[in-house]
Structure formats: C-alpha cells, structure tokens
Amino acid sequence: MYADVSVYSSVRILKLINCVTCFWSKRLLKKPRSIKFFDSTRLTYSVYIDILKVYEAFTCVFKMSIFLQVTDYFIRTLIYIQIYIEIDNIHINDPIIKDVVLSFEVFFFAWNIKNLLNIVSFVKECETMYQTILDIDNFCTTRLSQELPMEESKLYNNIKRLNQTQFKKMSVYGVFVMDAGLPVGLVQLLTTYVIVILQFALT
C-alpha cells in the first residue's frame, strides 16, 4: 500500500514538473526578439537549472518506491501463477469454495493489473519529460546554426551543455531505467519465467 500511494504521488509530482518544463520550453521556442523572455538570459538559464535540480531531487526521492512497485509486480505475478497452478491441481467439489477461490483469483489478477498500470503511467510521465528535454536540445541546436547575438548564442550553448552533463533518464539503482522499454522488457521477462514454471508444472 505504501508503494501504491508513493507511486500515485510521484506521478502527480512528475506531471507538475512536466507542466513547468513545457511552459518554459514553449517560451523558449518563441522567436526571442518577439518576447521579453530573453531580455535576461541569466534568468532564463537559472530557471532551467532549477527545473533540472527539482527533477534530480525527484528521482532521488522516489526511486525506492518505484523499485518496490516494479519488483512487487514481478514477484507477485510469479507467486500468483504458482498459486493458480497449485489450486488447479486440487479438485474442489464444493461450489462455495469454488466461488471463494474464483473471487480470490479475480482479485489477485485485478491487483496485478493495477500495479502494471501504475508502472505504465509513471513511465508515460517520464517519457514526456525526456521528449520535452530532447525538443529543447534540438531547438538549441537549430538556433545555434544561425546568426545570433552573443548572449543568445551563449544561452543555447549553456542549455545544451547542461542537458549533456546534468540530465539523464531516471535510473533505479542501476537495475533498470524508467523509459518506454521497461514495461515491454518486464512482460518479456515474466513470460520467460512463466514458461519455465509451466514446464516444471507439467513434468
């Protein structure tokens, strides 16, 4: 339950970070001479530094709960499948007991689907953040290929340098990275283990 609440909170907080980053990005993507946003490049750069610092702090605070959620989903799935196999091997004649067992099976299945959806929703927000940073970086690259005032050129160079040195995808203790490949890789790994469990059950 702790992991669930923590993941729900992390999704909302990351969504807020994404909103701030997107707002900053939209201001950056406008023509600089048409807005006052570039009147102070130091402020622009300072705000971006703060955004990345908040994101870094976020990853440090919530990576434990994400790790617990992912490992909980993986282990529970294997345990539930083993329980289903054991129950299936027991011939139950009492209809009441059958109904109770079926209710538990449905509950466990729904709980596991909920855990997977938690992971997917978090990954979705992470991918949104990654894409926003990539768009910012690409915009800076495009602008730097043009003739620019020195201050503006310096701003874009600093942003690109900051992206290279300070920003990276969320890594959970080096075990896995929170990106679009995680749910797919998790399901593939589970499929492999399930096949092994079924092979043992059939022998």
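The values are calculated or read from the model by the stated rules, or taken from the named source; none is laboratory data. Model, not experiment: these values are computed from the prediction. All Cβ positions, even for glycine, are placed from backbone atoms using ideal geometry, and neighbour counts span all protein chains on display.
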Against the condition without any contact (Cβ under 8 Å) to a residue 60 or more places away in the chain and closer than 18 Å to Lys63 by Cα, how does Gly185 come out, does it pass? no
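Among Phe108, Phe104, which is the only one that is among the aromatic types (Phe, Trp, Tyr), surrounded by 17 or more Cβ atoms within 10 Å (Cβ to Cβ) and farther than 30 Å from Leu29 by Cα? Working first, answer last.
Working: Phe104 fails: surrounded by 17 or more Cβ atoms within 10 Å (Cβ to Cβ).
Among Phe108, Phe104, only Phe108 is among the aromatic types (Phe, Trp, Tyr), surrounded by 17 or more Cβ atoms within 10 Å (Cβ to Cβ) and farther than 30 Å from Leu29 by Cα.
Would you please name the residue that is surrounded by the most Cβ atoms within 10 Å (Cβ to Cβ), looking only at residues in the range 158-192 that are in a helix (DSSP H, G or I) and in contact with a helix residue (DSSP H, G or I) (Cβ under 6 Å, 6 or more places away or on another chain)? Give the steps one after another, and end with the answer.
Initial filter on the range 158-192 (in a helix (DSSP H, G or I)): 158-166, 181-192.
Of the ones still in play, those that are also in contact with a helix residue (DSSP H, G or I) (Cβ under 6 Å, 6 or more places away or on another chain) are 158-160, 163, 166, 182-183, 190.
Working: Asn158: 17, Ile159: 22, Lys160: 17, Asn163: 17, Gln166: 13, Leu182: 19, Pro183: 18, Leu190: 16.
Per the criteria, the residue is Ile159.
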Single match in Ile75, Ile113, Ile85 (criterion: within 14 Å of Val194 (Cβ to Cβ), hydrophobic (A, V, I, L, M, F, W, C), at pLDDT 85 or above and in a helix (DSSP H, G or I)): Ile75
Flag if Ser46 is surrounded by 14 or more Cβ atoms within 10 Å (Cβ to Cβ) and modelled with pLDDT of 85 or more: no
Looking at the range 149-170 only, could you name the residues that are more than 27 Å from the chain's Cα centre (by Cα) and more than 14 Å from Thr44 (Cβ to Cβ)? Met150
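Can we say Thr132 is over 13 Å from the mean Cα position of the chain (by Cα), over 30 Å from Tyr84 (Cα atoms) and of a type in the set (Ser, Thr, Tyr)? Steps first, answer last, please.
Details: over 13 Å from the mean Cα position of the chain (by Cα): yes; over 30 Å from Tyr84 (Cα atoms): yes; of a type in the set (Ser, Thr, Tyr): yes.
Yes; evaluated as a whole, the condition is true for this residue.
With Glu151, Glu105, Glu147 as the choices, which residue is without any contact (Cβ under 8 Å) to a residue 60 or more places away in the chain, in a helix (DSSP H, G or I) and charged (D, E, K, R)? Don't jump to the end; show me each part of the working.
Working: Glu151 fails: without any contact (Cβ under 8 Å) to a residue 60 or more places away in the chain; Glu147 fails: in a helix (DSSP H, G or I).
None of the other options fit; the residue is Glu105.
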Can you find, within the range 100-150, the residue that is nearest to Lys169 (Cα to Cα) among those that are in contact with a Phe, Trp or Tyr (Cβ under 8 Å, 6 or more places away or on another chain) and among the charged types (D, E, K, R)? Arg143
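Every residue, every condition in (1) without any contact (Cβ under 8 Å) to a residue 60 or more places away in the chain; (2) surrounded by 14 or more Cβ atoms within 10 Å (Cβ to Cβ); (3) under 29 Å from Asn18 (Cα atoms), yes or no:
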site	(1), (2), (3)
Gln69	no, yes, yes
Tyr80	yes, yes, no
Tyr130	yes, yes, yes
Leu155	no, yes, yes
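Can you tell me which residue in the range 124-157 is modelled with the lowest pLDDT, limited to those that are of a type in the set (Ser, Thr, Tyr) and touching a helix residue (DSSP H, G or I) at 6+ places or on another chain (Cβ under 6 Å)?
Among them, the one singled out is Tyr156.
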